[in-house]
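> Shown below is the structure under consideration.
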Amino acid sequence: ADAILIELDTPGGLVESTLKITEAIMNSKVPVITYVTPRGAIAASAGSFILVSGNIAAMTPGTTIGAAMPVSIGISGRKPADNKTVKFFAGHIASIANSSGKNETQAKLFVTENAVLNADKALQRGIIDIIANDESELLRMVDGREVSIGGTNITMRTWNASLYHKRESARSSLLKLLGNPQIAVILLIVGLYGLIFGFMSPGTYVPEMIGAICLVLSLYGMGLFTVNMFGVLLIIIAVILFI
């Protein structure tokens, strides 16, 4: 492909996943266009980092970006991250914005002040480059713009470009569900109580089996290990439970 178009509509997600996505975008060998669409879509929290990291950032009218202050999620629920974490990610989003030619000061406010902007304000304050109603208009407006990839200036040629859509697979949908922080916390609680009940009432097998599976699913959803390790852990736990 001559370019990658990432369409965003997200309430956010885990920090580790966000860092991997922005790192992949910033090290891409081809230009990356980040685009909040359709109307009513949002790029909240982690979505703000992803939008800002694009070589060209765009939004559809009626969309929103911002509220990117990190929070910690545990059994007791959500709570604001400590000051050290907030300062770090404020500096990090400013670094991303600087690299992609966006407004560093406004980008930092997404993290420190939970600032929120609509498409018009985002364009005025230098967070995005384009407001476009749809993909066709976006590609017409991008055509002829120059972006820097690895120190090399590339002129975008997107007029009447052919689009190849990468749809979400069933596997990706499942991983996204497990990666939802609320789902991960619920699985963690069910897993812990399942194990506790199983150990208190030995011989039933069902509570500890369900608890172990939910616990592993929650840890995977929180990004604590990879898909391959996830499979290995399930096999090991199954063998232990059989024994």
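Okay, residues lined up against (1) open to solvent by 40 Å² or more (accessible area, probe 1.4 Å); (2) out of contact with any helix residue (DSSP H, G or I) (no Cβ under 8 Å at 6 or more places or on another chain); (3) touching a residue at least 60 places away in the same chain (Cβ under 8 Å):
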site	(1), (2), (3)
152	yes, yes, no
157	yes, yes, yes
163	yes, no, yes
170	yes, yes, no
185	no, no, yes
191	no, no, no
204	yes, no, no
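> Would you please name the residue that is surrounded by the most Cβ atoms within 10 Å (Cβ to Cβ), looking only at residues in region 193-202 that are over 24 Å from residue 174 (Cβ atoms) and touching a residue at least 12 places away in the same chain (Cβ under 8 Å)?
Checking each candidate, the answer is 198.
> Another one. For region 41-110, please list each of the strands (runs of 3 or more DSSP E) lying entirely inside it that holds at least 1 residues being aliphatic (A, V, I, L, M).
42-44, 56-59, 64-66, 71-74
> While we're on this one: If you go through region 207-238, how many residues are at pLDDT 75 or above and surrounded by fewer than 11 Cβ atoms within 10 Å (Cβ to Cβ)?
Number of matching residues: 1.
The rows are residues; the columns are (1) at pLDDT below 95; (2) at positive phi; (3) in contact with a helix residue (DSSP H, G or I) (Cβ under 8 Å, 6 or more places away or on another chain); (4) crowded, with 23+ Cβ neighbours inside 10 Å.
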residue	(1), (2), (3), (4)
16	yes, no, no, no
23	no, no, no, no
48	no, no, yes, yes
53	no, no, yes, yes
57	no, no, yes, yes
73	yes, no, yes, no
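> Only one of 83, 133 is modelled with pLDDT of 95 or more, polar (S, T, N, Q) and out of contact with any helix residue (DSSP H, G or I) (no Cβ under 8 Å at 6 or more places or on another chain). Can you tell me which?
Only one candidate passes the filter, namely 133.
> Tell me which residues, restricted to region 172-183, are small (Gly, Ala, Ser) and loosely packed, with under 14 Cβ neighbours inside 10 Å.
Selection gives 172, 173.
> Could you list, in sequence order, all residues of region 107-123 that are closer than 21 Å to residue 61 by Cβ and open to solvent by 70 Å² or more (accessible area, probe 1.4 Å)?
116, 118, 120, 121, 123
The values are calculated or read from the model by the stated rules, or taken from the named source; none is laboratory data. Just so it is clear, the model here is predicted, and its values are computed rather than measured. In this analysis, Cβ positions are derived from the backbone assuming ideal geometry, glycine residues included, and neighbour counts consider all displayed protein chains. We work out accessible area using only protein heavy atoms, side chains counted, and drop any ligands, DNA or RNA first. Shrake-Rupley method; radii C 1.70, N 1.55, O 1.52, S 1.80 Å.
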